[in-house]
Amino acid sequence: MTDKNEWGSNMSFILAMIGSAVGLGNIWRYPYVLYSNGGGAFYIPYIVAILLMGIPFLILEYGVGYNFKSSFAKAVKTINSKWEYLGWLLPVAVFMIMIYYSAILGWDGIYIFLSFFKGWGADPNAYFTTTLLQSSDSLSGLLSFIPLIAVAMLVGWVIIWFISHRDLEKGLGKVSKILVPLLFIIMIIIVGFSLTLPGASVGLAELFHPDWSLLGNFDIWMAAFGQIVFSLSLGMSIAFTYASYTKDDSDLITNTISIALANSLFENFAALGVFSILGYMSLQSGTAVADLVTQGTGLVFIVYPTVFNVLGNWAYVLGPLFFFTVYLAGLTSILSTIEPLSFSIQNKFGMTRKRTMTILIVVGAIISMIYATSYGSSVLGYVDTFINQIAILLGVIFECIIFAWIFKAEKLIDFLNSRSKSIKLGKWWILIVKYILPIFVTIVWIGGMYDVIQNSTPDQLIFTVISAVLLLGATLAFTLLPSKSPNWENSEERV
Ligand code: PHE
């Protein structure tokens, strides 16, 4: 018998973690980052970022989560009760990600349908921005509601509720065991097909062409570290929460390495697919690859439909497969964004998993309707920048301070090593999580802040402030509300 918040097996844990890590960032962000930061030469900072930051930090987050076997908020409060506030900050920030991720999932749901008949028409750019999103950059756009997007988003929320309100293994565990392997299989089919397209090699040559001169440039190192934070969902309290759901016999070091490897494999594979397709497009249209390449919603909802338009009948197979893959990748990630807050609330307020999930999903769905307005895509951009460039990086820094310094990473070494069959941690790990990582992330954070302040429009500043107030306000409310669970004050550490 497993508890309501326990994985049925180590496999469920690993696959759910891979599902969380492999998301939109792997499909629409990584190929562009690789291309625009030196191509083949980018692998040097990328591998350094994985070894120096990704794996050591994940081990820390897993180690502490596994040790406490409780929610993030409770663990932080147990380490130092004065800091409970920080224990709510990250789960709330991650829940804010969930709310806007649901919009992207909704758009993609619409594209799955459109792709069966190329419903975006001859001009995919006009379709996406004008017809579908009715994008407006004026605040009054908040008043024009777009029912199609609202319906698509609500479908997503219902699917999420259906999976998340069940006991962990029966919902998320089972779904991850089916969807994550499926995601990899479909991706292999898509990339395999893309590689056979005429022009694929042109795209790949362009992608990998190494620009070694960039290695001395600080920006590409920042890009590599930024990509790894985002792609592995570092410092989001997700890895912590998932590890706290594991059974006693997990080998966390081996698990961490498998997860990081699977994530990198997926994103590099995605890059092969994206650039083969861009190479094909370049050959067909006579436009240089450099002028076609882009990232984010532009790549998925504009460039890909443009390619499908020239691909003939194959597009009716490849199109639905592609948008379905994006949906799967997004779904398995969004499912992870509710867990830290939900588990923290269950711990503090003694509520059941089912009730907590239902309330959070209803609240999330209602707030998310702001993204179903014509101003929605602008708000999404602002909130995304605030969360990713400011809030989450702060989270990584806080976690390093609370876990590595106050809780003391040294306490975890023996505990982790005794459970690891092959790789053992040494002093180097302490050095990384206590010094190298927090210092580096602070530098990246200052860069991000500078960027936001420099490049913000007045509207963006307003939404950055509103997001910050909501984040801090909700965090304060969770901290101040009195606990309703007798176990909230009990702390049993296992080290
Ligand atoms: N790691 C995910 C990706 O690469 C993004 C993500 C962010 C997932 C936040 C969960 C939470 O797309």
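Data table
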quantity: Cα-based helix-to-principal-axis angle, 353-368 vs the chain, degrees rounded to 10; calculated: 40
quantity: Estimated dipole of the chain in Debye, rounded to 20 [Cβ of Lys and Arg +1, of Asp and Glu -1, Cα centre]; calculated: 1260
quantity: Expected 222 nm ellipticity per residue - DSSP helices of 4 or more, -39500 (n - 2.57), all of the chain, to 500; calculated: -20500 deg cm²/dmol
quantity: Exposure ranking of Trp120, Trp83 by accessible area [1.4 Å probe, largest first]; calculated: Trp83, Trp120
quantity: Sites matching trypsin sites (Lys or Arg not before Pro) across region 408-495 that sit in DSSP coil, with at most 15 neighbouring C-beta atoms within 10 Å; calculated: Lys421, Lys424, Lys484, Arg494
quantity: Net charge of neighbours whose Cβ lies under 11 Å from the Cβ of Phe230, counting Lys and Arg as +1 and Asp and Glu as -1; calculated: -1
quantity: Amide proton proximity set for Thr373, modelled H, under 5 Å, gap of 5+; calculated: Ile146
quantity: Rel. contact order, % - alpha carbon contacts under 8 angstrom, at least six apart, region 10-480; calculated: 35
quantity: Three-way shape call for region 385-495 based on the alpha-carbon gyration tensor, with the a/c threshold at 1.5; calculated: oblate
quantity: Region 10-480 - percent of accessible surface contributed by carbon and sulfur, probe 1.4 Å; calculated: 71
quantity: Sparse-neighbourhood loop sites, GluC sites (Glu not before Pro) in region 395-495 - DSSP loop, at most 12 other Cβ within 10 angstrom; calculated: Glu492
quantity: Whole-Hz couplings from phi, Karplus 6.51/-1.76/1.60, listed for region 482-488; x for Gly and Pro; calculated: x, 6, 10, 10, x, 7, 4
quantity: By accessible area with a 1.4 Å probe, ligands and nucleic acids excluded, highest first: order of Asp251, Asp414; calculated: Asp414, Asp251
quantity: For region 437-495, the fraction of alpha-carbon pairs in successive 10 Å shells from zero, as %; calculated: 17, 24, 29, 20, 10
quantity: For the chain: accessible area per residue (Å², 1.4 Å); calculated: 38
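The values are calculated or read from the model by the stated rules, or taken from the named source; none is laboratory data. Here the structure is a predicted model, which means the values were calculated and not measured. So basically every Cβ, Gly included, is an ideal-geometry build from the backbone, and we count neighbours across all protein chains shown. Areas reflect the complete protein model, heavy atoms only, side chains present, ligands, DNA and RNA absent. Shrake-Rupley method; radii C 1.70, N 1.55, O 1.52, S 1.80 Å.
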